[in-house]
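A short worksheet on the structure shown next.
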């Protein structure tokens, strides 16, 4: 990975995580005011979620800075998986939020309470939707620049909040202006289900990173295509690819003509690395050259996009 590309990744993630913490603080203050004025259960649900958003955003804030630390004697592969750990914690917090909100909503369905000061509550929710929408847009831009999993997890959380806020707005309006507090409680229950579903997605993605799941087939095909663009490389085997935060780790063996000199083999390997970096600027690449025809003695047979030969 080039230093410039890595610096750009770290700058994008630092800026957007700082922004998410600030937005979470503002949303908590607004929703606390709206809850005190209205007593709405759906506002309570949204406030509880925003409080956990702040905890999750603070975790992401520190995680991306720790993940950006360079490799050291104890962490030879860097600290990129710190982002997956942050996403795992976020998933747990969202699960807890969903359970709390769901329990409160069910209680209010059987014991409805009127929603007061509906105008204030509606105004606060409109402001919350605008702020959250702006934050999600900024996170989208940061993800395109960095590919950060921690920011992606934070964005998934706030995107769910954005949709949930729309449901809360409907619940508050119906409870205050239609004299139907049961709809307010139902809106809180919908928010709980939405958050639970979003947490499952976060948990799945974090687990994939922590368990070193291979990159998608499309990326593996792009890797083999870039490497085999040099006709002197007759095959690829033992291709391994995984993500560690925003960094894609690529390892492989390539088949070369046995008569090549060490200098010629080195030149071919460097050329393959450059082509891969053009396609994946944040990749960490390790390529081992093998004399053609002798790989079978050292390699483990594989199938699918992870293996390519001269007939591919």
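When both residues are 6+ apart or on different chains and their Cβ atoms are under 7 Å apart, which pairs have a first residue that lies in region 16-27 and is assigned by TED's automatic domain parsing to the domain that holds residue 53 and more than 14 Å from residue 138 (Cα to Cα), and a second that is at pLDDT 85 or above and surrounded by fewer than 24 Cβ atoms within 10 Å (Cβ to Cβ)?
What qualifies is 26/131; 27/131.
Within region 122-139, is there a residue that is at pLDDT 70 or above and more than 29 Å from the chain's Cα centre (by Cα)?
yes
Among the listed residues 208, 255, 219, which satisfies the condition of being surrounded by 15 or more Cβ atoms within 10 Å (Cβ to Cβ) and more than 22 Å from the chain's Cα centre (by Cα)?
255
Residue 96 is checked against (1) under 30 Å from residue 37 (Cα atoms); (2) in contact with a helix residue (DSSP H, G or I) (Cβ under 6 Å, 6 or more places away or on another chain); (3) at pLDDT 75 or above and fails just one. What number does that condition carry?
Only one criterion is unmet by residue 96, namely (2).
Answer with yes or no whether residue 291 is touching a strand residue (DSSP E or B) at 6+ places or on another chain (Cβ under 9 Å), at pLDDT 85 or above and not assigned by TED's automatic domain parsing to the domain that holds residue 86.
yes
For region 194-243, how many residues meet the condition of being touching a strand residue (DSSP E or B) at 6+ places or on another chain (Cβ under 7 Å) and within 30 Å of residue 46 (Cβ to Cβ)?
Matching residues across region 194-243 total 1.
What do you reckon, is residue 37 modelled with pLDDT of 80 or more and farther than 17 Å from residue 154 by Cα?
For residue 37, the condition - modelled with pLDDT of 80 or more and farther than 17 Å from residue 154 by Cα - is not met.
Working carefully through the options 222, 186, 214, find the one that is modelled with pLDDT under 90 and assigned to a helix (DSSP H, G or I).
Every option except 186 fails the conditions.
The values are calculated or read from the model by the stated rules, or taken from the named source; none is laboratory data. Since the structure is predicted, the reported quantities are computational estimates derived from the model, not experimental observations. For neighbour counting, all protein chains shown are included, and Cβ atoms are generated from backbone atoms with ideal geometry for every residue, glycine included.
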